Amino acid sequence: MTDLTSLTLAEARTGLANKTFTSLELTDAHLKAIAAARALNAFVLETPDQARTMARDADAKIVKGQGGPLAGIPLGIKDLFATKGVRTTACSKILDNFVPTYESTVTSQIWRDGAVMLGKLNNDEFAMGSSNETSCFGPVANPWRREGSNTTLVPGGSSGGSASAVAALLCMGATATDTGGSIRQPAAFTATVGMKPTYGRCSRWGIVAFASSLDQAGPIGRTVRDASILMRSMAGHDPKDTTSVDREVPDFEAAIGKSVKGMKIGLPKEYRLDGMPAEIEKLWSEGAAWLKAAGAELVEISLPHTKYALPAYYIVAPAEASSNLARYDGVRYGLRVPGRSIGELYEHTRGQGFGAEVRRRVMIGTYVLSAGYYDAYYLRAQKVRTLIKKDFEDCFAKGVTAILTPATPSAAFGIGEKGADPVEMYLNDIFTVTVNMAGLPGIAVPAGKDAQGLPLGLQLIGRPFDEETLFSLGEVIEQAAGRFTPPKWW
Ligand code: GLN
């Protein structure tokens, strides 16, 4: 029998249904892979006992023909999703003893559909970062390395554990979240598929909040089809999240293989950056050519406010973060560092509980929201946000079906390579933040490799609630580019 960990989720689903193997066997194979891959630091908590119990339950249901759409499929969960009775930290010291008494809506839906939890996955602290280096559990290693080099590279962030674990075949898929690119950028860095759904498609309830108007959950999968299968279980209306949209959840998988003939694909001229590596340009043109060969029509479009997206995001996101993170005060839950007064208790707890990047964001956010600066920064950023959204609306109104862009301005970089200047790190999000600012769906699909053998991804941006088209187009790229798996060194 082939190694069970090398199957795609869709293949495993068939194998389970045909009783070629059991969920317990599939789960054990992944638990073994996880135990042998601790060097990657992708998991911050392994839950083997729970995994085996869930796998046995799934097997019993499959035998009775009662297995759900994810019956018996072992998955990893980003440590930003609250899991009942299982430590959930957001990879912050301030929450390192937090065991939720409730389950997030998204994870409860995937358990409802029969999935098996392998454990919790590493991420940047409170999902703030692009490299997974801000986690209190330390950085995650990308399973990919430059050809002929032993340098450890970052898997991207903030969902670095999710991407690394999926790429290294430690889990069949993973949950992730995306506030400014945290699903798509790590997917691009690891040759996995990451889908950030339309804002409101997945419930945010029970997910540790970073910037509530931008945060959205989504899957990272081994293939476009796998991501589409996961999406169906993760999506859906939830009255407990007022921003969740009451809309039918389509069978996203049915979009795979649908013709893209006649679709109008926009190529935004503002994404052609000065100094962009030639390899990224080439990848982008190749992607466009593949879509054209599949019958799509390519058009140049303009998204004129793109250049303001990054600065505006780095006002809006920290502003919301500073407000969301006010709850970590050492009184209600999480870390408490005593002081002589309540003020000192707050200061000690927050000073010692939050890492440097989180403290920086809280300070920036507090500043831009403070009296006297609110209009100059926060209000102006919100106005820019409206203009960014309008840029996209104008293109869609002119008949553009979806937009093709690079996913990242470069391939994965080394651990510690970009730490010194925070702005250098923020620049990584240049192609992804606009999508969050506009609330649109976006998918990152592996599309090729750079000269050093590292994976590169392309991004497709869709109309609101048109994730299906992104899955159809994404699969065209996947078919043309092929699947990439890293050589095992860990
Ligand atoms: N890298 C971006 C940031 O640091 C986005 C993170 C995210 O999407 N959670 O804010």
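No lab work stands behind these numbers, since they all come straight from the coordinates. Only a predicted model underlies this, so the values are computations on that prediction, with no experimental measurement involved. For neighbour counting, all protein chains shown are included, and Cβ atoms are generated from backbone atoms with ideal geometry for every residue, glycine included.
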Inset, instruction - Select from segment 1-89 those trypsin sites (Lys or Arg not before Pro) which occupy a DSSP coil region and have at most 13 other Cβ atoms within 10 Å, ordered by residue number. - result: Lys19, Lys64
Inset, instruction - Can you tell me the FRET efficiency between Lys292 and Glu270 if r is taken as the Cβ-Cβ distance and R0 is 22 Å, rounded to the nearest 0.05? - result: 0.55
Legend entry - Segment Lys307-Ala397, length gained on full extension (0.36 nm per residue, minus Cα span): 30.2 nm
Legend entry - Greater than 18 Å apart at Cα, pairs in Lys258/Lys282; Lys307/Lys390; Lys269/Lys390; Lys264/Lys292; Lys240/Lys390: Lys258/Lys282; Lys240/Lys390
Inset, instruction - Bin width 10 Å, alpha-carbon pairs only: give the P(r) of segment 342-468 as whole percents, running from 0 to the bin holding the largest distance. - result: 10, 27, 30, 24, 8, 1
Legend entry - Selected from Trp490, Ile34, Gly295, residue furthest toward positive end of dipole (the chain; charges at beta carbon): Ile34
Inset, instruction - Set the Förster distance to 25 Å, then compute FRET efficiency between Asp49 and Thr20 from the Cβ-Cβ distance, nearest 0.05. - result: 0.50
Legend entry - Percentage of interatomic Cα-Cα distances in the chain larger than 40 Å: 15 percent
Inset, instruction - For Arg380 paired with Gln452, estimate the spin-label separation in nm (one decimal), with each label point 7 Å from Cα along the Cα-to-Cβ line. - result: 3.7 nm
Inset, instruction - For segment 138-270, just list the percent of Cα-Cα distances falling in each 10 Å bin from zero outward, please. - result: 13, 36, 34, 15, 2, 0
Inset, instruction - Once you have a ≥ b ≥ c as the square roots of the Cα gyration tensor eigenvalues for segment 193-317, tell me rounded if a/c is under 1.5, and otherwise prolate or oblate according to whether a/b is larger than b/c. - result: oblate
Inset, instruction - Take the alpha-carbon positions of segment 10-128, form their convex hull, and give its projected area averaged over all directions (one quarter of the hull surface) in nm². - result: 7.6 nm²
Inset, instruction - Pick out, in residue order, every one of the GluC sites (Glu not before Pro) in segment 212-285 that is DSSP loop and has at most 15 other C-beta atoms within 10 Å; say none if there are none. - result: Glu248
Legend entry - For Thr366, net neighbour charge (Lys/Arg +1, Asp/Glu -1) across residues whose Cβ lies under 13 Å away: +3
Legend entry - Least to most buried among Trp290, Trp490, Trp144 (fewest other Cβ within 10 Å first): Trp490, Trp290, Trp144
Legend entry - Helix-only mean residue ellipticity at 222 nm for the chain, each DSSP H run of n ≥ 4 adding -39500 (n - 2.57), per residue, nearest 500: -11000 deg cm²/dmol
Inset, instruction - For Lys264, enumerate residues with amide H under 5 Å from its amide H, sequence gap 5+ or separate chain, H modeled in the peptide plane. - result: Glu297, Thr401, Ala402
Legend entry - Taking the C-alpha atoms of segment 393-490, convex hull volume expressed per residue in Å³: 132 Å³
Legend entry - Efficiency of FRET from Cβ geometry, Asn150 and Ser259, R₀ 41 Å, rounded to 0.05: 0.35
Legend entry - Summed residue charge, Cβ within 15 Å of Tyr377's Cβ, Lys/Arg positive, Asp/Glu negative: +2
Inset, instruction - Measure off 7 Å from each Cα along the Cα-to-Cβ vector at Gln352 and Glu424, then give the distance between these two points in nanometres to one decimal. - result: 3.2 nm
